[in-house]
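Structure, as structure tokens:
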Amino acid sequence: MKKGVFALKTILSVDNLQKSYKDVKALKGLSFDVQEKEVFCLLGPNGAGKTTTINILAGILGADSGKMAYRGKPLGKNLQHFKRNLGVVPQELAIYEEITAYENVRFFGSLYGIKGEPLKQRIRTALSRVGLLEVQHRKPRTFSGGMKRRLNIACGVVHEPELIIFDEPTVGIDPQSRKYILDYIKSLKDDGITVVYTSHYMEEVEEIATRIVIVDHGRLIAEGTKESLQATIGDTDRYTVETEDGVKLNEDRFLALDGVTRVEEGEAGLGFLVERDKDVLPDLVEELSRQHVRIRSLEKERANLERVFLHLTGHSLRG
Amino acid sequence: MLPIIRRDLLNLLINPALLLYNTLFPFLLIVVLGAINRDLYDSEVITAHDYYTVAILVFMALNISIIATNSFMERSVKRPNLRIGYAPVAEWKLYVSKVLATFLFCMGSILLVSAVVARIYGVGFGGAYFAFLALLAALAMLASTIGVAFCCLLRDEESANKILALVNLFLALLGGVFFHPRTIGETFAAASAFSPVRWVMQASMRAIHDNDYAMVLPAVVIMLALGGVFLLICRRTFRLEDYL
């Protein structure tokens, strides 16, 4: 297994994980290492195999083959020890709607053998960190979607694990709650907690990740820091031009423009990769006009993970 | 496992529909069936309310299988149950806790209903109340394991409930809960020998009215053994991923 990018200890290793659902191969030999104290993000579109991976790691789902190790020890025999040190925040709400937020957190905390005053203290900490301490005696059925999500987090972290898995915790919630959750994850990083975070929102991943693994169709596509991944598409900006159908271009004339490095033609329109911060717009528009291309819209994008994903897979993250 | 049993039991107790289904519904059945069939029973030996209290409490213990499926895999508890699976808790505790919580819920309901009926109609169970309770407890335990095992096999609470509702009704008819099986035919009456409901009904009636306890222990032992078989089925078929 590969050494991590950082000189930290590997807390979790996944090697050649495979899983099929009937005829559909959800994971096709996925391998990665998670280092201590990092925010490790699994980025990929829906159906990429992220949740399957998480469910296998959490001991809910069995893998067809592959190895997993926690602190160098195989997970099989050490599963209960691993679970004791693992917090899971699933994508779907896993809380009781008919008992109070406090009772929810207390119950799930008690499953880890924590009792009495230490449990009370941890419940207060967990609820306070997700901003629900003041509504701790209210039932979740009276909460907004975002508050329920935050309670879902408190229930998963009350036992103060050293590794926490978040499976798309911000899907379908309001921007305020999303910010709360992302800030919370950043604070975990500051506290030295290891986080495994799955998402198909590249903006979130860019914001919080220490290291990123891009997955698609159950395979690892790329791995690295945000910067190293962005470097794979070069230090470029991209102009996306939406045009009428059936445009025929003379690509060479665009490539002859100072700063234009690549021309892409796709269903979404035309793409022009240009050297970063090079002001090519006037020349580009003039050349488009010269080639009788009618511009419907024009957009400039910086190098980001969405573009990395597009570059590596040929399709969009949200596709 | 105690915190899980306590949580499961509380979940059942705070569900008004289940609570009414296990207390008010059987009580009303006893009241109505007892009133309708009042003339069919000799009030000197056995009243209609005596008979239907026993019969409906047996039916109640049998029907607890449907509550067990609820406790185990109903939509609102499915995800929290999955979260229990994230904790360092042995998998068997997940289904055994549901069996035990449902069993306790059922026995509490039975005690309540029988106390109310005894108070209102003077049903005394012929001094064999504890033998009767033992039979009901064994049946409730069996029914709870059946409910959970059906969920494990079918991997779905709704399908399990639909099938169990029919199975329970069939067993109740076979067991002579509402009327004697011979009313339907001799073949049906002969088949009733295989219904645990029939065993409980016969053992209860003999204990209560004839002071004959010979059938009580065998019936209890057989039902508990069958319960053990269904627990083994749970062990073989339960998969945490069914909560996904």
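Between B:130, B:18, B:188, the Cα set farthest toward the positive side of the dipole of chain B (charges on each charged residue's Cβ, about the Cα centre) is that of B:18. When only the Cβ of Lys, Arg, Asp and Glu is charged (+1, +1, -1, -1), the dipole of the protein assembly as shown relative to its Cα centre reaches about 1880 debye.
Taking GluC sites (Glu not before Pro) across the stretch A:198-275, the ones in a DSSP loop with at most 12 further Cβ atoms lying within 10 angstrom of their Cβ are A:244, A:267.
Spin-label pair residue B:190-residue A:142: with each label point 7 Å from Cα along the Cα-Cβ axis, the two points sit 6.4 nm from one another. In order along the stretch B:10-24, phi translates into HN-Hα couplings of 5, 4, 6, 5, 8, 9, x, 5, 5, 5, 5, 4, 9, 10, 5 Hz, rounded to whole numbers, per the Karplus curve 6.51 cos²θ - 1.76 cosθ + 1.60 with θ = phi - 60° and x for Gly and Pro.
The mean number of Cβ atoms from other chains found within 10 Å of a Cβ in peptide A:104-111 is 5, as a whole number. Each Cα pair under 8 Å and six or more residues apart adds its separation to the average, and for the stretch B:77-213 the resulting relative contact order is 25 percent. Under a model in which nothing but the beta-carbon of Lys, Arg (+1) and Asp, Glu (-1) is charged, the stretch A:65-209 shows a dipole of about 660 debye around its Cα centre. A Förster radius of 56 Å combined with the Cβ-Cβ distance from residue A:207 to residue B:163 puts the calculated FRET efficiency at roughly 0.65.
Amide H contacts of residue A:26: A:19, A:20, A:21, each under 5 Å away and 5 or more positions distant or on a separate chain (H built 1.01 Å from N in the peptide plane; Pro and chain starts excluded). With the helix formula -39500 (n - 2.57) applied to DSSP H stretches of n ≥ 4, chain B reaches a computed 222 nm mean residue ellipticity of -26000 deg cm²/dmol. In this Cβ point-charge picture (+1 for Lys and Arg, -1 for Asp and Glu), the stretch B:2-243 has a dipole of about 880 debye about its Cα centre.
Can you tell me the FRET efficiency between residue B:155 and residue A:251 if r is taken as the Cβ-Cβ distance and R0 is 51 Å, rounded to the nearest 0.05? With R0 = 51 Å, the Cβ-Cβ based efficiency is 0.35.
Summed over qualifying helices (DSSP H, 4 residues or more, each -39500 (n - 2.57)) and divided by its residue number, chain A shows a 222 nm mean residue ellipticity of -9500 deg cm²/dmol. Projecting the Cα atoms of B:4, B:201, B:225 onto the dipole axis of the stretch B:2-243, where Lys and Arg carry +1 and Asp and Glu carry -1 at the beta carbon, places B:4 farthest toward the positive end.
Computed from Cα atoms alone, the Kirkwood hydrodynamic radius reported for the stretch B:2-243 is 18.3 Å. In the context of the full set of protein chains, chain B has a per residue accessible area of 44 Å² (1.4 Å probe). Loop-located trypsin sites (Lys or Arg not before Pro) in the stretch A:222-302 (DSSP state not H, G, I, E or B) with no more than 16 neighbouring Cβ atoms inside 10 Å: A:248, A:276, A:278, A:294, A:302.
Using a probe of 1.4 angstrom and keeping all protein chains present, the accessible surface of the stretch A:153-309 works out to 46 square angstrom per residue. Taking amide hydrogens as placed 1.01 Å from N in the peptide plane, the amide H of residue A:38 sits under 5 Å from those of A:195, each at least 5 positions away in sequence or on another chain. For the chain pair A and B, the interface hides roughly 2200 square angstrom of accessible area in total, found with a 1.4 Å probe. Pairwise Cα distances in the protein assembly as shown exceed 43 Å for 39 percent of all pairs.
Between residue A:176 and residue B:118, the FRET efficiency estimated from the beta carbon spacing at R0 = 51 angstrom works out to 0.30.
Here the Karplus curve 6.51 cos²θ - 1.76 cosθ + 1.60, taken at θ = phi - 60°, turns the phi angles of the stretch B:58-68 into couplings of 5, 4, 4, 5, 5, 5, 5, 4, 6, 5, 4 Hz, with x standing for Gly and Pro.
Candidates B:46, B:118, B:171 compared by Cα position along the dipole of chain B: farthest toward the positive end lies B:171, with charges placed on Cβ.
Note on the stretch B:119-136 and the stretch B:168-244: Cα centroid distance 19 Å, given to the nearest whole angstrom. The stretch A:111-162 and the stretch B:3-55 have Cα centres separated by 40 Å. Tally up the carbon and sulfur contribution to the accessible surface of chain A as a whole percent, 1.4 Å probe, everything protein left in place. It is 47 percent, rounded to a whole number.
Whole angstrom only: what separates the Cα centroid of the stretch A:204-264 from the Cα centroid of the stretch A:270-319? Result: 9 Å between the Cα centres.
In percent, rounded to a whole number, the relative contact order of chain B is 26, using alpha-carbon pairs under 8 Å and six or more apart. Computed over chain A, relative contact order equals 20 percent, with contacts defined as Cα pairs under 8 Å that lie 6+ residues apart.
Which log10 I(q)/I(0) values does the stretch B:32-98 give at q = 0.21, 0.23 Å⁻¹ under the Debye formula, counting every alpha carbon as one identical point scatterer? Treating every Cα as an identical point scatterer, log10 I(q)/I(0) equals -0.84, -0.93.
Restriction of the trypsin sites (Lys or Arg not before Pro) in the stretch A:1-95 to DSSP coil positions whose beta-carbon has at most 14 other beta-carbons within 10 angstrom yields A:2, A:3, A:9, A:22, A:77.
For the stretch A:156-164, 3J(HN,Hα) computed residue by residue from phi via the Karplus equation (6.51, -1.76, 1.60; θ = phi - 60°) reads x, 10, 4, 7, 6, x, 8, 9, 10 Hz, glycine and proline entered as x.
The values are calculated or read from the model by the stated rules, or taken from the named source; none is laboratory data. Small disclaimer: the values here were computed from a predicted structure and weren't measured. Cβ coordinates were reconstructed from backbone atoms using ideal geometry, including for glycine residues, and neighbour counts include every protein chain displayed. When the accessible area is computed, the model is the full protein with side chains, heavy atoms only, and any ligands, DNA or RNA have been set aside. Shrake-Rupley method; radii C 1.70, N 1.55, O 1.52, S 1.80 Å.
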